[in-house]
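What follows is a short report on a single structure.
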Amino acid sequence: MKGWLAAIPVVALLLFAGLALSQLLSPKKGDFERISRVAPDRSFETLEGSALTFAPPPGGQSVVVNLFASWCAPCEAEHPQLMTLSEAFPGRVYGVLYKDTEANGADFLDRMGDPFTEVALDPDGQGGLDFGLTGVPETFVISSKGEILVHVSGPLGPDDVREVSGALNAPRN
């Protein structure tokens, strides 16, 4: 009988630890809000050697910012969607090369086509963390005021392109 009594606190502790671990590993959508907040106040170096910031975005209008990498297979899969956005919104689609080398990024864009007005470099991944990135690819629409209006986690699909296009066309930009 005493053995069972001693086991109760251990079992309770294990159940509590399991519950806590399950909550950490499977957050619910909306637990970490990535929209309706400002874009990171960071200056990125670009492939061309200039500086680029998204708070506020270049050109004084809303823009698309896509975080990608040459080593990312889903980035390759979504690339045609980025080309479509670039054709529909020339000069308003930007890339951030996440945890990758300039040479690999340039080769990727040469091979796949370059939809980006400019490509910012994020070799250490800190810029991605500032955006709230959970993994590439991720796409953000940033308003002319530097507010994140849309966040798409994972590769863009046709429905995502419609949502992004709608945000770019919204009159508040």
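Odds and ends about this structure:
- Computed over neighbours whose Cβ is under 15 Å from that of PRO58, the net charge equals -1, Lys and Arg +1, Asp and Glu -1.
- P(r) weight above 20 Å for the stretch 70-152, C-alpha pairs, percent: 29 percent
- Selection of trypsin sites (Lys or Arg not before Pro), the stretch 91-173, meeting DSSP coil and at most 13 other Cβ within 10 Å: ARG172
- Extension gain for SER153-GLN126 works out to 8.0 nm (0.36 nm per residue, less the C-alpha to C-alpha distance).
- Across all Cα pairs in the stretch 33-110, the calculated P(r) in 5 Å bins from zero up to the longest distance comes to 3, 13, 23, 24, 23, 12, 2 percent per bin.
The numbers here are math on the coordinates, done by the rules we state, and not lab data. Just so we're clear, the structure is a prediction, and the values are computed from it rather than from any experiment. For neighbour counting, all protein chains shown are included, and Cβ atoms are generated from backbone atoms with ideal geometry for every residue, glycine included.
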